[in-house]
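Chemist: Okay, here's the structure, questions in a sec.
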Amino acid sequence: MHTHDELPVVQDACGDDCACGEYETGLDPELAALLEAAGLDPVEVEDIATLALAEDLAGGEDVTSVATVAADAVATADFTARQAGVVSGLRVAEAVLSLVAEEEFTVERHVEDGASVEAGTVLLSVTTRTRDLLTAERSALNLLCHMSGIATATRAWADALAGTGAVVRDTRKTTPGLRALEKYAVRCGGGVNHRMALSDAALVKDNHVVAAGGVAEAFQAVRKAYPELPVEIEVDTLEQIPPVLEAGADLILLDNFTVPQLREAVALVAGRAKLESSGGLTLDTAREVGETGVDYLAVGALTHSSPVLDIGLDLRG
């Protein structure tokens, strides 16, 4: 686990006069650089944070905090894990805070994304106007808890597969607008990403096969139209594999194959294409599936069903 002494401290959140032209965003330049280094678009993160705050404020203000907290009051608050898990989204939480803060604020980073933490671990400490902390609290926590829940669930799958040669990866079953953050959280948990969008790679599924008149026909049509893109083809029987291999598929998605069928598929393919198991997978059977020799386990539940990790924001007394 990292300590705060090993991590940078961000100070001086951007205000109205900020000129962070490099990223075309109002985020602090250092924070924007950290987001970009993590594979996140700072502009997209700012847009998501802005939308979350706009939804929470609904064109008004935080009436409770305005009524109960003096405008010039300053406080330090700690983001603290209330259960054990894997952290993801700390810099995203900072982005939310930076958009709300009317004055400069100071951040102490105690751990980094991807760290495994125990209940009671302080993740991030922020000092700024008390009103701003309270206004940003829920939006920041909604994103941080959601992303950390995905990272925690992914780590469980990654641990189950350790040493098998197989890795867990996500799908496009993501929350609209949050795909980049959710897939980043999968990476934090030790998983890998499938395509980010429909344009990244071709995945020929059953409906494409019906429309094209057959598995091989569908593959050939995609390869002809987009020769530079990787092509994955879904099959649901062992008999469909030879023509797909002959056509030259880069990756074969084995849909709802049993463990014995997966072993047969691995032997049949003999390394000529990557293999991905999909459908009906559970954490309890993950290792058995990984030991068949497949390369990937596709788990949509990582992004569509992971419970949040309980993280709280507490003002210091």
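Just so it is clear, none of the values below were taken in a lab; they were calculated from the coordinates. None of the values given here were measured: they were computed from a predicted structure. Glycine also receives a Cβ, built like all others from the backbone with ideal geometry; neighbour counts cover every protein chain displayed.
Chemist: Taking the Cα centre of each part, how many Å lie between the range 77-122 and the range 172-189?
Modeler: Result: 18 Å between the Cα centres.
Chemist: In a shell of Cβ-Cβ distance under 11 Å around Thr135, excluding Thr135 itself, what net charge do Lys and Arg (+1) and Asp and Glu (-1) give? The partial results should precede the final answer.
Modeler: Numbers: positive: Arg129, Arg131, Arg138; negative: Asp56, Glu61, Asp62, Glu102, Asp132, Glu137.
Every neighbour counted, the sum reads -3.
Chemist: Also, quick follow-up: For the range 235-288, state the average projected area of the convex hull of the C-alpha atoms over all orientations, rounded to one decimal in nm². Mind dumping the intermediate values first?
Modeler: Values: hull surface 13.8 nm².
It is 3.4 nm².
Chemist: Looking at the chain only, what percent of DSSP beta bridges run antiparallel? Nearest 5 please. It would help to have the intermediate numbers written out before the result.
Modeler: Details: 21 of 40 bridges.
Of the beta bridges lying entirely in the chain, close to 50 percent run antiparallel.
Chemist: What is the gain in length, in nm to one decimal, between Leu268 and Ala212 on full extension, counting 0.36 nm per residue of separation less the C-alpha to C-alpha distance? Write out the running numbers ahead of the final one.
Modeler: Details: separation 56, 0.36 × 56 = 20.16 nm, distance 2.50 nm.
Extra length available between Leu268 and Ala212 comes to 17.7 nm.
Chemist: Can you list residues from other chains, or at least 5 along the same chain, whose modelled amide H is less than 5 Å from the amide H of Asp28?
Modeler: Sorted by chain and number, the residues that satisfy this are Cys14.
Chemist: What percent of all Cα-Cα pairs in the range 159-304 falls into each 5 Å bin, going from 0 up to the bin containing the maximum distance?
Modeler: 2, 10, 20, 21, 20, 16, 9, 2, 0
Chemist: Take a quick pass over the chain and tell me how many lysine pairs come in under 20 angstrom between Cα atoms, counting only ones 8 or more apart or on separate chains.
Modeler: Details: Lys173/Lys183; Lys173/Lys205; Lys205/Lys224; Lys205/Lys274.
Total qualifying Lys-Lys pairs in the chain comes to 4.
Chemist: Relative contact order for the range 159-304: what is it in percent, counting Cα pairs under 8 Å that are at least 6 residues apart? Can you show the working numbers first?
Modeler: Numbers: 243 pairs, mean separation 44.8, N = 146.
Answer for the range 159-304 is 31 percent.
Chemist: Related question: Read through the labelled values (i) 39, 33, 18; (ii) 28, 22, 19; (iii) 44, 21, 15 and report the label of the one computed as semi-axes √(5λ) of the Cα gyration tensor in Å from the structure.
Modeler: Answer label, from the structure shown: (iii).
Chemist: List the GluC sites (Glu not before Pro) in the range 93-126 that DSSP assigns to loop (not H, G, I, E or B) and whose Cβ has at most 14 other Cβ atoms within 10 Å. Which are they? Walk me through the numbers before you get to the answer.
Modeler: Details: sites: Glu94, Glu102, Glu103, Glu104, Glu108, Glu112, Glu118; in loops: Glu102, Glu103, Glu104, Glu112, Glu118.
Listed in order of number, the matching sites are Glu102, Glu103, Glu104, Glu118.
Chemist: Given +1 on the Cβ of Lys and Arg, -1 on the Cβ of Asp and Glu, and no further charges, what dipole in debye does the range 181-317 carry about its Cα centre, rounded to the nearest 20?
Modeler: Charge dipole, the range 181-317, about its Cα centre: 380 debye, nearest 20.
Chemist: Could you tell me the relative contact order of the chain? Use alpha-carbon pairs under 8 Å, at least six residues apart, and round to a whole percent.
Modeler: On the way: 617 pairs, mean separation 63.5, N = 317.
Once divided by the residue count of the chain, the mean separation gives 20 percent.
Chemist: Next up: Tell me what the chain gives for mean residue ellipticity at 222 nm when only DSSP H runs of n ≥ 4 count, each as -39,500 (n - 2.57), the sum divided by the residue total, rounded to 500 deg cm²/dmol. Write down the numbers at each step before the final one.
Modeler: Working: 12 runs with 129 residues, N = 317.
Theoretical 222 nm ellipticity from helices: -12000 deg cm²/dmol.
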